[in-house]
1. Would you list Arg51, Arg22 from fewest to most Cβ contacts within 10 Å?
2. Could you go through segment 321-331 in sequence order and give the Karplus-derived ³J(HN,Hα) for each residue, using 6.51 cos²θ - 1.76 cosθ + 1.60 with θ = phi - 60°, rounded to whole Hz, and x for Gly and Pro?
3. Between beta-carbons, use under 12 Å as the cut-off and find the net charge around Ile253, counting Lys and Arg +1, Asp and Glu -1.
4. With a point put 7 Å past each Cα toward its Cβ, work out how far Asp297 is from Gln129 in nm, to one decimal.
5. Okay, helix-only estimate at 222 nm for the chain: each DSSP H run of n ≥ 4 adds -39500 (n - 2.57), divide by all residues, round to 500 deg cm²/dmol; what do you get?
6. Which far-off residues, 5 or more places away or on another chain, put their amide H under 5 Å from the one on Ser123, with H placed in the peptide plane?
7. With Kirkwood's inverse mean 1/r over C-alpha pairs for Rh, give me the Rg to Rh ratio of segment 1-51, two decimals please.
8. Counting other beta carbons within 10 Å of each residue's own, what order do Cys240, Cys178 fall into, fewest first?
Amino acid sequence: MKVLVTGGAGYIGSHACDALLRAGHDVVVLDNLSRGHRAAIDILSRRGGSRFSFVRGDMGDSAALELAFAPGIDAVMHFAAFANVGESSADPVLYYQNNVGAMAPLLAAIRKYKVARLVYSSSCSVYGQPPENLIPLQESAPLAPLSPYGRTKLIGEQMLQDIVRALEAGGTRTALTCLRYFNVAGCEPQGELGEDHDPELHLLPVVLRAAMSDRPTMKLFGTDYPTPDGTCVRDYVHVCDIADAHVRALDRIPLGEIAHLNLGLGRGTSNREIIEAAQSVTGRTIAIESAPRRPGDPARLFADPGEAHRRLGWTPRVTQLEQIVETAWKWFSTHPRGYRA
Ligand SMILES: NC(=O)c1ccc[n+]([C@@H]2O[C@H](COP(=O)([O-])OP(=O)(O)OC[C@H]3O[C@@H](n4cnc5c(N)ncnc54)[C@H](O)[C@@H]3O)[C@@H](O)[C@H]2O)c1
């Protein structure tokens, strides 16, 4: 298939492009490089050769969309978005403009070109702070995002559902898969494609960057949660397994169906366990400064990935925390300044 990947210069999108190329698909990336990296595009271009092409442009720009759809697109994987929860609370309009407003022209192009296979990067943030008795979380859990970011992800799901209905009404049978990722972590084992956000807010990169500093120290938010070691528990899933789920979604979800699937290991890992694994992999001791809980951080959040397993035949291959940390360390230790190194 020829797959248009929005946001393919970013962390997860670039890994998905690599998985698509490996599976024999052709890839067109549309990315405005607002938060992505030209270096990731260069790596993918080298790997994909004539099966890979890049359009630098905004998903909200009709001219860029015309270029991106020109080769004849069979499927769209939509990763492009801003994804910083704190920033979304500080500047909600930016998030509604980019994640929702700029998505409308993309959807118009999907409809115009009758693209029948759609895969969307959604997030566990659409569930907000679910009650303890619903964990591990199934897809039927109430949708109650707490942040503007989470709300834009949920609105994105709903916009896509509406476009699918419009396509179906016009006679185009369409498959839509909304993949709700939990905590994505790690990097490809080759160590070329990696994670480079600015600022970096995800726990594992923050810990690894702390480990690389002269005096390793970091803040641990919330040490009095009702969990075995008092710190938050989350579901860490390797980025290559996330990429694999996207490739599977292309042909496992039949035309005419809409699927919402949680992607996680189905197992919780505490913040303290992440720090311990990072210390063991890097061989560095990190001084921990206990800080108060952050508002809106639930004590425990992990997925029931059973539905993704049933619908996609998806089983994460990276199941050990150390493996996730090792692949991330390979990238961070060789790219101390991210892709600029
Ligand atoms: N990282 C996670 O743990 C996580 C968890 C759940 C969901 N997600 C979702 O996965 C997707 C990818 O996340 P990521 O961590 O790879 O983010 P990222 O910032 O690394 O990548 C996003 C990419 O989208 C591009 N982009 C943003 N707005 C654009 C626009 N208007 N037009 C064209 N390109 C645009 C950026 O330049 C960047 O390359 C996002 O949709 C995010 O909401 C991420």
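1. Values: Arg51 16, Arg22 13.
Ranking Arg51, Arg22 by Cβ neighbours within 10 Å, fewest first, gives Arg22, Arg51.
2. Result, rounded to whole Hz: 4, 4, 5, 4, 5, 4, 5, 5, 5, 4, 6.
3. Details: positive: Arg117, Arg173, Arg248, Arg252, Arg310, Arg311; negative: Asp251, Glu257, Glu307.
Combined, the nearby Lys, Arg, Asp and Glu give +3.
4. Calculated label separation equals 1.3 nm.
5. Working: 12 runs with 130 residues, N = 341.
Only helices count here, giving -11500 deg cm²/dmol.
6. So Ser123 has HN proximity to Tyr181.
7. Details: Rg = 9.6 Å, Rh = 10.5 Å.
Radius of gyration over Kirkwood radius for segment 1-51 works out to 0.92.
8. Numbers: Cys240 21, Cys178 25.
Lowest count first: Cys240, Cys178.
None of the figures in this text is laboratory data; all of them are computed from the coordinates on show. Computed from a predicted structure; not experimentally measured. Cβ atoms come from the backbone with ideal geometry, glycine included; neighbour counts cover every protein chain shown.
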